[in-house]
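**Student:** Below is a structure I'd like to ask you about.
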Amino acid sequence: MHIEFYGATSGVTGSCHILRANGETILLDCGLIQGRREEIEKNRRPFPFAPDELSAVVLSHGHIDHSGRIPLLVKRGYQGPIYAQNATADLCDILLQDSAYLQEKDAQYENKWRTRKKKPLIEPLYTVDDARDALANVIGLRYREKKEILPGIQIRYQDAGHILGSCSVEVWLNENGSERKVVFSGDLGQYDTPILNDPAVIESADHVIVESTYGNRLHRDRQATIDEIGEIISEAAHNKGNLLIPAFSIGRTQELLYYLGKHYDEWELDRWHVFLDSPMAIRASKVYWDYPHLYDEEATKLRSRVNEMPHLKNLRLTPTPQESMAINQIKSGAIIISASGMLTGGRIVHHLKNNVSRSGAHIMIVGYQANGTMGRALVDGAPTVKIHGKEYKVKAHVHTVGGLSAHADADDLMRWVRNFKSNPQVHVVHGETEAKREFRDRLENELHLQARVPQPGDMLEL
Ligand SMILES: [Zn+2]
């Protein structure tokens, strides 16, 4: 029996690990590698295992850096089952088809200049049809349902509190009369994330594979963050402009809508029209509101009181381009939540173009902004931004709100690992080098656990 570590051992994307026992091979996650061009190119390389030798794929959650190469795996010959928590399966239906659509668009764009330069054309990494083939093999499971997926191998999903349907995975491996238990954390959420339950307590494992995205950082206090959002809304109301909120379609958008509903009176939101202007976020929100049995206590109470989610009287969904363009006419009193979260594309860019040079407008940044993105330029105080080839002066007020991360911080991660009573060996993955090292040191020094940082391709006997 052994584990092999592949993706997300150097960096935070492309999550993928292998478990082998009793003649079976299980793949934990199969994420897309994201980042700079040369990183993205790595997705085209052969997998470090043969797709057709796999017996099962077990997915922790829907995010593309954990699920995004599954259509490629199927395209390259994998025909077996893909296990996912039920809500994750529904979110994957949206995410993987969208990812495939973007792959097709990218290839079309690239092939335009390749045709001009008489260079060989490229194929998309995978197509919408490949994504659909993969989705047909997805088998949904409930939380806490123990299931024998292969002879001698059982799995059980536990809530990871990161996005809807996110899981930590317990895996029991049996071979020649001996048993080993491996727990894979998936991505863990913060302990007081709205809507979702806290990460579940798991007490036993021989080996734990744990993420460390924020393994060396602490988040700002959540209440301070919520207070700040209230203040920004009040300031924007005073300036009589629009308020733009670029947000990731899955997780962050629903969290924002929840807060707006919860603080509706306190933040005097009846003065505003709230627009959710992203087809993908609208679809993802429907999945969120369709799974009330996965909510935490507060969201369950709120839902039973209002019988609809989110509880936001003046929310308008604008799925069509016409409805979206109609928002352009509004110069004051609109809260516009739209994607992409880093302003790298999508409808939010059009709203930015219309509002960025208005001194009464406000832009609230609520998520991580990578280097080189428009969102990052705004956060860094750029005096002008270039949109669709034209320079615009930044006169709108830009606010950066920290503290809404979907990821556990270092103390949250410690709290999750501290629940194990079985003195497991811990393998720290899914973080930048420093984050992994510092988190490993804390595990050794504070919890006296045997902890290590595996290198890509490392293999470990269980
Ligand atoms: Zn994630």
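**Student:** Does residue 248 satisfy the condition of being open to solvent by 30 Å² or more (accessible area, probe 1.4 Å) and within 16 Å of the ligand (Cβ to nearest atom)? If you could, list the steps in order and put the result at the bottom.
**Tutor:** Details: open to solvent by 30 Å² or more (accessible area, probe 1.4 Å): yes; within 16 Å of the ligand (Cβ to nearest atom): yes.
Here the answer is yes, as residue 248 does meet what is asked.
**Student:** Now a separate question. Scan the stretch 436-448 and give yes if some residue there is in a loop (DSSP other than H, G, I, E, B) and open to solvent by less than 60 Å² (accessible area, probe 1.4 Å), otherwise no.
**Tutor:** no
**Student:** Restricting attention to the stretch 53-73, which residues are surrounded by fewer than 24 Cβ atoms within 10 Å (Cβ to Cβ) and within 15 Å of the ligand (Cβ to nearest atom)?
**Tutor:** 64, 65
**Student:** Restricting attention to the stretch 40-52, report how many residues are surrounded by 14 or more Cβ atoms within 10 Å (Cβ to Cβ) and either in contact with a helix residue (DSSP H, G or I) (Cβ under 7 Å, 6 or more places away or on another chain) or modelled with pLDDT of 90 or more (or both).
**Tutor:** 4
**Student:** So, one more: Do we have any residue at all in the stretch 354-369 that's closer than 30 Å to residue 234 by Cβ, open to solvent by 10 Å² or more (accessible area, probe 1.4 Å) and within 16 Å of the ligand (Cβ to nearest atom)?
**Tutor:** Checking the stretch 354-369: at least one residue is closer than 30 Å to residue 234 by Cβ, open to solvent by 10 Å² or more (accessible area, probe 1.4 Å) and within 16 Å of the ligand (Cβ to nearest atom).
**Student:** Can you find even one residue in the stretch 205-222 that is crowded, with 19+ Cβ neighbours inside 10 Å, within 16 Å of the ligand (Cβ to nearest atom), modelled with pLDDT under 95 and part of a helix (DSSP H, G or I)?
**Tutor:** no
**Student:** Return the only residue of 97, 158, 154 being at pLDDT 95 or above, under 24 Å from the mean Cα position of the chain (by Cα) and part of a strand (DSSP E or B).
**Tutor:** From the options 97, 158, 154, the qualifying one is 158.
**Student:** Can you find a residue in the stretch 261-275 that is within 30 Å of residue 422 (Cα to Cα) and crowded, with 17+ Cβ neighbours inside 10 Å?
**Tutor:** Taking every residue of the stretch 261-275 in turn, none turns out to be within 30 Å of residue 422 (Cα to Cα) and crowded, with 17+ Cβ neighbours inside 10 Å.
**Student:** Go through the stretch 425-435 residue by residue and tally those that are modelled with pLDDT of 95 or more, open to solvent by less than 10 Å² (accessible area, probe 1.4 Å) and not β-branched (Val, Ile, Thr).
**Tutor:** If we filter the stretch 425-435 for residues that are modelled with pLDDT of 95 or more, which is where we start, we get 425-428.
With open to solvent by less than 10 Å² (accessible area, probe 1.4 Å) added as a condition, the list becomes 426-428.
Still in the list and also not β-branched (Val, Ile, Thr): 427.
Counting residues in the stretch 425-435 that are modelled with pLDDT of 95 or more, open to solvent by less than 10 Å² (accessible area, probe 1.4 Å) and not β-branched (Val, Ile, Thr) gives 1.
**Student:** Those residues that are of a type in the set (A, V, I, L, M, F, W, C), within 19 Å of the chain's Cα centre (by Cα) and farther than 21 Å from residue 77 by Cβ, I need them from the stretch 19-48; list them, please.
**Tutor:** 40
**Student:** Which count do you get for residues in the stretch 167-184 that are of a type in the set (Lys, Arg) and within 16 Å of the ligand (Cβ to nearest atom)?
**Tutor:** Matching residues across the stretch 167-184 total 0.
**Student:** Now for a separate question. Can you report the number of residues in the stretch 103-133 which are surrounded by 15 or more Cβ atoms within 10 Å (Cβ to Cβ), part of a helix (DSSP H, G or I) and not acidic (Asp, Glu)?
**Tutor:** The total comes to 6.
Condition check ((1) touching an Asp or Glu at 6+ places or on another chain (Cβ under 9 Å); (2) open to solvent by 10 Å² or more (accessible area, probe 1.4 Å); (3) more than 15 Å from residue 339 (Cβ to Cβ); (4) part of a helix (DSSP H, G or I)) across all residues:
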{"residue": "227", "(1), (2), (3), (4)": "no, yes, yes, yes"}
{"residue": "231", "(1), (2), (3), (4)": "no, yes, yes, yes"}
{"residue": "234", "(1), (2), (3), (4)": "yes, yes, yes, yes"}
{"residue": "244", "(1), (2), (3), (4)": "no, no, no, no"}
{"residue": "256", "(1), (2), (3), (4)": "no, no, no, yes"}
{"residue": "282", "(1), (2), (3), (4)": "no, yes, no, yes"}
{"residue": "289", "(1), (2), (3), (4)": "yes, yes, yes, yes"}
{"residue": "293", "(1), (2), (3), (4)": "no, yes, yes, yes"}
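**Student:** Search the stretch 415-424 for residues being within 22 Å of residue 165 (Cα to Cα) and open to solvent by less than 10 Å² (accessible area, probe 1.4 Å), and hand back the single one that is farthest from the ligand (Cβ to nearest atom).
**Tutor:** Once the filter is applied, the top-ranked residue is 417.
**Student:** Here is a check on your reading of the model: is residue 88 within 16 Å of the ligand (Cβ to nearest atom), out of contact with any Pro (no Cβ under 8 Å at 6 or more places or on another chain), open to solvent by less than 30 Å² (accessible area, probe 1.4 Å) and outside any loop (DSSP other than H, G, I, E, B)?
**Tutor:** Yes; evaluated as a whole, the condition is true for this residue.
**Student:** Would you mention how many residues in the stretch 314-349 are small (Gly, Ala, Ser) and part of a strand (DSSP E or B)?
**Tutor:** 2
**Student:** State whether the residues of the stretch 185-198 include one that is in contact (Cβ under 8 Å) with a residue 24 or more places away in the chain, on the phi < 0 side of the Ramachandran plot, among the charged types (D, E, K, R) and touching a helix residue (DSSP H, G or I) at 6+ places or on another chain (Cβ under 6 Å).
**Tutor:** Yes, the conditions are met somewhere in the stretch 185-198.
**Student:** Something else about it: Between a residue in the stretch 139-166 that is of a type in the set (Phe, Trp, Tyr) and more than 16 Å from the ligand (Cβ to nearest atom) and any residue that is modelled with pLDDT of 95 or more and open to solvent by less than 30 Å² (accessible area, probe 1.4 Å), which pairs come within a Cβ distance under 8 Å, given they are 6 or more apart or on different chains?
**Tutor:** 143/85; 143/157; 143/158; 143/159; 143/167; 143/200; 143/294
**Student:** Within the bounds of the stretch 26-39, is there any residue that is among the charged types (D, E, K, R) and surrounded by 19 or more Cβ atoms within 10 Å (Cβ to Cβ)?
**Tutor:** Looking through the stretch 26-39, at least one residue is among the charged types (D, E, K, R) and surrounded by 19 or more Cβ atoms within 10 Å (Cβ to Cβ).
**Student:** Now a separate question. Which one of these does residue 395 not meet: (1) charged (D, E, K, R); (2) away from the ligand (no atom under 16 Å from the Cβ); (3) not in a loop (DSSP other than H, G, I, E, B)?
**Tutor:** Among (1) charged (D, E, K, R); (2) away from the ligand (no atom under 16 Å from the Cβ); (3) not in a loop (DSSP other than H, G, I, E, B), residue 395 violates only (3).
The values are calculated or read from the model by the stated rules, or taken from the named source; none is laboratory data. The structure presented is a predicted model; accordingly, all values stated were derived computationally and were not measured. Every residue, glycine as well, gets a Cβ built from its backbone with ideal geometry; the counts of neighbours run over all protein chains shown. To get the accessible areas, we keep the full protein, side chains included, count just its heavy atoms, and leave off ligands, DNA and RNA. Shrake-Rupley method; radii C 1.70, N 1.55, O 1.52, S 1.80 Å.
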